[in-house]
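A quick write-up on the structure given underneath.
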Amino acid sequence: MRFSTSKTELQQALQKLSKASPTRSTLPILGCVLIESKEEKTTLRATDLELTIEVEIPSSLEEGGITALPLKTLLDITSELPEARLTITVDEKNKTTIETDLGKYDLMAKSPEEFPATPSQKSPQKMSIPGKTLKDIINTTAFAVSKDELKPALTGVLFRVSRSAISAVSTDGHRLVKHTRTDYGSDSFEGDLIVPKKFLSYMSSQTLEDDVELYIAESHLGARVGNDHVLTRVIDEAFPNYESVIPKENNKRLKIEKESLLGSIRRVAIFSNKATHQVALSLSKDLCLISTEDPEKSSKAQETIKAEYDGDPITIGYNAEYLKDIVTHTQGKVVVVDLSTPVGAALFSPVELEEHTESIMLLMPIRLND
């Protein structure tokens, strides 16, 4: 195999592919990128067996072929090279040479037969979604996905698709996000699928200006973005009944300026217990007192900020890290918080939502130390 390509094209492709390369694996071949050159294009593929990314780059072909090269080594050398053409040659003994104007670099390829085959998508259902809409859904929900591998259903985002709307739900047991777009539906696919966070993080990192084509099969979800193809396993588990935990009758309402609240939480949380990250919100008619105390280190802090509050005075405790995440991802400049009791879930929402958008963020409190 022998082909030439632009250093920048190759580098950008490898940066994308590195998202599907496992940091540790018992299969050394997964640390490689599969490169196939034919006609006027070269295709590169990487996988960690959950996520597969395939990228096309333009190339000048002298001799077609297929090989598997160490992804990290290729990425490291292309990152250090100045902009130039480079030529990659692989002989029948897998000896590989990268040639540039600056010099030559030799390394060994692995047999492409060792590289896992791309999972087949039998009879996939196709749906198209505006890239901006998909990115908005991902950015609103993915932060609340669980990291607990013992609860696999919670390690992804539930997508519920109908002809008239698409809803996305994520939860880690402490917080829950439900985001719905009623200006988008699907004529071809209707149903539920749980999409792993790794796939969503990759899609969110891409420039999605045009429509994204999604291909939904029984066990996999594929997406085509330009000349790139991304494929992930979907999570084959039952998502919990999230509607049952969303309170319907929270009768206390707080309206507070988002950046003021975030700033206070960040400063006060510095003095909180490093295990619990506990902060307390004490609400009265025009004020919100944010406080914390860590008896172990004899530290405490409090700040008071102006707010609109309608309801009986209440003091409620939260994990500061979860609270920051929820407030950060609430749209707009003013946050509305609907509460009930010090042990009941609170609902966070913006004052005004974009047209055709419904969004609910739920946060469970923690019991305050006496």
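Every read-out reported here was derived from the displayed coordinates using simple, explicitly stated rules and does not represent laboratory data. Quick caveat: nothing in here was measured; it's all calculated off a predicted structure. When we count neighbours, we look across all protein chains shown, and the Cβ atoms used for this are built from the backbone with ideal geometry, even at glycine.
Some points to look at:
- Considering only alpha-carbon pairs that sit under 8 angstrom and 6 or more positions apart, the relative contact order computed for the chain is 13 percent.
- Look at where the Cα atoms of the range 305-370 and of the range 92-109 average out, and the two centres are 58 Å apart.
- Ordering ASP211, ASP312 by the number of other Cβ atoms within 10 Å of each residue's own Cβ, fewest first, gives ASP312, ASP211.
- Residues listed by number, the range 267-284, amide nitrogen under 11 Å from THR304 label point at 7 Å toward C-beta: 284
- In terms of surrounding Cβ atoms within a 10 Å radius of their Cβ, THR8, THR207 rank from fewest to most as THR207, THR8.
- Helix-only [θ]222 nm of the chain, DSSP H runs n ≥ 4, -39500 (n - 2.57) each, per residue, nearest 500: -5000 deg cm²/dmol
- For the range 247-363, the residue among LEU339, TYR322, LEU363 whose Cα projects farthest onto the positive side of the dipole built from Cβ charges is TYR322.
- For VAL225, nonlocal amide neighbours, meaning residues 5 or more places apart or on other chains whose placed amide H falls under 5 Å from its own, are VAL230.
- The simple spin-label model puts a point 7 Å past each Cα toward its Cβ; for GLU62 and ALA238 those points are separated by 6.1 nm.
- Cut-off 17 Å (backbone N to label point 7 Å along Cα→Cβ of SER201), residues of the range 43-57: 47-53
- Largest-first principal axis extents, alpha carbons of the range 247-363, Å: 48, 27, 24
- Cβ-placed point charges (K, R +1; D, E -1), dipole of the range 246-370 about Cα centre in debye, nearest 20: 360 debye
- Annotation: Cα Rg of the chain relative to the compact-globule expectation 2.2 N^0.38 Å equals 1.21.
- Of the residues SER205, SER59, the one with the fewest other Cβ atoms within 10 Å heads the list, and the complete ranking is SER205, SER59.
- Pairs beyond 21 Å (Cα-Cα), from LYS274/LYS300; LYS151/LYS324; LYS122/LYS178; LYS151/LYS258: LYS151/LYS324; LYS122/LYS178; LYS151/LYS258
- The stretch between LYS41 and GLU257 holds 72.5 nm of extra length on full extension. This uses 0.36 nm per residue minus the Cα-Cα distance.
- When only Cα pairs below 8 angstrom with a gap of at least 6 residues are kept, the range 125-243 shows a relative contact order of 29 percent.
- Point-charge dipole on Cβ atoms (K/R +1, D/E -1) for the range 15-83, about Cα centre, debye to 20: 360 debye
- Counting all C-alpha pairs of the range 2-114, share separated by more than 16 Å (%): 56 percent
- A simple charge model with +1 on the Cβ of Lys and Arg, -1 on the Cβ of Asp and Glu and nothing else charged puts the dipole of the chain at about 820 debye relative to its Cα centre.
- Alpha-carbon Debye profile of the range 47-200, log10 I(q)/I(0) at 0.15, 0.16, 0.18 Å⁻¹: -0.92, -0.96, -1.06
- Considering only THR26, THR276, THR330, the Gaussian network model of the chain with Cα springs below 10 Å gives its largest mean-square fluctuation to THR26.
- Length-normalised contact order for the range 182-341 - Cα pairs under 8 Å, 6+ apart - percent: 21 percent
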